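The values are calculated or read from the model by the stated rules, or taken from the named source; none is laboratory data. For clarity, every value in this text was computed on a predicted model and none was experimentally measured. We place every Cβ from the backbone using ideal geometry, glycine too, and count neighbours over all the protein chains shown. Side chains included, ligands, DNA and RNA excluded: accessible areas come from the protein's heavy atoms. Shrake-Rupley method; radii C 1.70, N 1.55, O 1.52, S 1.80 Å.
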Amino acid sequence: MSGTFVGMPAFPAAAHEAVHDSTLRDNLRHATHTIRAKREKAVAEVSDWAALREAGKQIKDHTLRHLDRYLVQLEEAVTAAGGVVHWAADADEANRIVTALVRMTGETEVVKVKSMATQEIGLNEALEAAGIHAYETDLAELIVQLGKDRPSHILVPAIHRNRGEIRDIFAREMGEWGRPAPEGLTDTPAELAEAARLHLREKFLRAKVGISGANFMVAETGTLVVVESEGNGRMCLTLPETLISVVGIEKIVPSWRDLEVFLQTLPRSSTAERMNPYTSMWTGTKDGRAGEGDGPGTFHLVLLDNGRTDTLADEVGRQALRCIRCSACLNVCPVYERAGGHAYGSVYPGPIGAILSPQLRGTGSEIDASLPYASSLCGACYEVCPVAIDIPEVLVHLRERIAEGGPATRDGNRVLLKPAKGHAAERAAMRAARWAFSHPGALRGGQRLASRTRRFHPRTLPGPGRAWSATRDLPEVPAESFRDWWQRTRGGKDVTK
């Protein structure tokens, strides 16, 4: 994975700064609560939501088990429809491929429809280094780009900005990128949207190369699918002569019948809509298909690995690859609501980012080693996930890997990871707990000692434990342990029989 965001401080340090930004917290609270309430109503309309959720899980798991076969089938179908398939093992290779393809056209400008994969690999930066200007056309991505900012949400990348801030960004920056903002621009949504539309229209009409991602790829026909709400995707996919799509290999589904499930669950989980306003599908090139129609004259599909096969090798962690990028987990997460997306140091913020980024990038950096701890383990993310990713399970799994080390797959090779620095006290505590729970007599003695000395217990922990108790109260030790209470009141007998 690209190092674009690596180098940030660990999550606790970044979050500590973010929670003191009252404007950021107000923006996040308002936006996430609004989206969450709308989603609940949209999901409640579907009587078989649980069945759809299970179907999505089963489809994704089946596809991941047979990913090699479906990827070959996809390549054959795309090629038969006039497209060209490229395989990229990592971010550097993907950037080299896309840069070379744009240079072959002779163009120095490209328009983009929102693609998290291209943000993951730092494509815009790579194109800029090659003298190629990439223009984001999604409204929120445009705000982020004009503001020289980073995305902070999967669905609404500029969720941390309010209308006044957006107006100021448009007025200050639009003229440097193209058509300037209208004079006297206010912060009303209609005026902001119109300013963005006028600014982008000239780029759509001029651009000869488009770059996209895809929400899904259908193996049986080689069809790519983009769902969006503004129409910018449709413009990027139909107007340019050359289209380059950069897509993670996990975005594949076997058939159109499988796609039907996700076209029901994704809109309701993400934008709380019954269906997306724009669902664009294309298969190869307009010349490679029977009949005339819209679409590119040249189509390239770049299939991106970048740590995905390493993730697939982890029997617990691989469920993160089910993700359909709906962002429902972010909108219910109490940690994300308070810390915001930038604190995660990745294009994938929130609960899904806390398990996906450390697997794609590894846990060698300070920020990635801290992400699995960026959670209260409340489980709300699992409850809303439309493909039933058990995020708390993966978080605990990754915490164990970071604290204890152990086997993992990196770059296709099995390696033995060393325990991360700073977890010695945690390892010692967990080993002591394991020993105590394995010796009932010692556990009982320790409980009795703790109960009898409870009035002398400190309110905060000493030494390394001070960091834990600085932000939470130590639980009070009861005057009597449950085991002793049960022995005293029930005589050790099972009263349920």
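Conditions tested, residue by residue: (1) at pLDDT below 95; (2) within 24 Å of Q319 (Cα to Cα); (3) more than 20 Å from the chain's Cα centre (by Cα).
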{"site": "F11", "(1), (2), (3)": "yes, yes, no"}
{"site": "V19", "(1), (2), (3)": "yes, no, yes"}
{"site": "R29", "(1), (2), (3)": "yes, no, no"}
{"site": "E54", "(1), (2), (3)": "no, yes, yes"}
{"site": "I59", "(1), (2), (3)": "no, yes, no"}
(request) Within the range 172-225, track down each residue that is without any contact (Cβ under 8 Å) to a residue 24 or more places away in the chain, in a helix (DSSP H, G or I) and aliphatic (A, V, I, L, M). (result) A190, L198
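Restricting to the range 284-311, give me the number of residues that are within 16 Å of I244 (Cβ to Cβ), at pLDDT 95 or above and open to solvent by 10 Å² or more (accessible area, probe 1.4 Å). Break it down stepwise before answering.
Here is the first cut: in the range 284-311, the residues within 16 Å of I244 (Cβ to Cβ) are 284-286, 288, 295-304.
From the residues that got through so far, the ones that are at pLDDT 95 or above too are 298-304.
Still in the running and open to solvent by 10 Å² or more (accessible area, probe 1.4 Å): 298, 300.
Qualifying residue count, the range 284-311: 2.
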(message) Give me the residue from the range 368-412 that is among the basic types (K, R) and out of contact with any strand residue (DSSP E or B) (no Cβ under 8 Å at 6 or more places or on another chain) and, out of that set, surrounded by the fewest Cβ atoms within 10 Å (Cβ to Cβ).
(response) R410
(message) Name the single residue that is modelled with the lowest pLDDT among those in the range 196-215 being touching a helix residue (DSSP H, G or I) at 6+ places or on another chain (Cβ under 8 Å) and surrounded by fewer than 22 Cβ atoms within 10 Å (Cβ to Cβ).
(response) F204
(message) Take the conditions closer than 29 Å to C236 by Cα and either in contact (Cβ under 8 Å) with a residue 40 or more places away in the chain or open to solvent by less than 60 Å² (accessible area, probe 1.4 Å) (or both) and apply them to E107. Does it pass?
(response) yes
(request) Could you please find all residues in the range 267-276 being touching a Pro at 6+ places or on another chain (Cβ under 7 Å) and assigned to a helix (DSSP H, G or I)? (result) S269
(request) Can you run down the residue pairs with Cβ atoms below 8 Å, 6 or more apart or on separate chains, where the first is in the range 454-478 and in contact (Cβ under 8 Å) with a residue 12 or more places away in the chain and under 15 Å from A429 (Cα atoms) and the partner is open to solvent by 70 Å² or more (accessible area, probe 1.4 Å) and outside any loop (DSSP other than H, G, I, E, B)? (result) L461/W468
(message) Any residue that is out of contact with any helix residue (DSSP H, G or I) (no Cβ under 7 Å at 6 or more places or on another chain), surrounded by 11 or more Cβ atoms within 10 Å (Cβ to Cβ) and closer than 30 Å to G307 by Cβ - is there at least one of those in the range 470-493?
(response) no
(message) Looking at the structure I just gave you, is I244 at negative phi, of a type outside the set (D, E, K, R) and in contact with a His (Cβ under 9 Å, 6 or more places away or on another chain)?
(response) yes
(request) Could you please tell me which pairs satisfy a Cβ distance under 9 Å, a separation of 6+ or placement on different chains, a first residue in the range 376-390 that is closer than 16 Å to V316 by Cβ, and a second residue that is among the small types (G, A, S) and surrounded by fewer than 21 Cβ atoms within 10 Å (Cβ to Cβ)? (result) Y382/A388; D390/G379
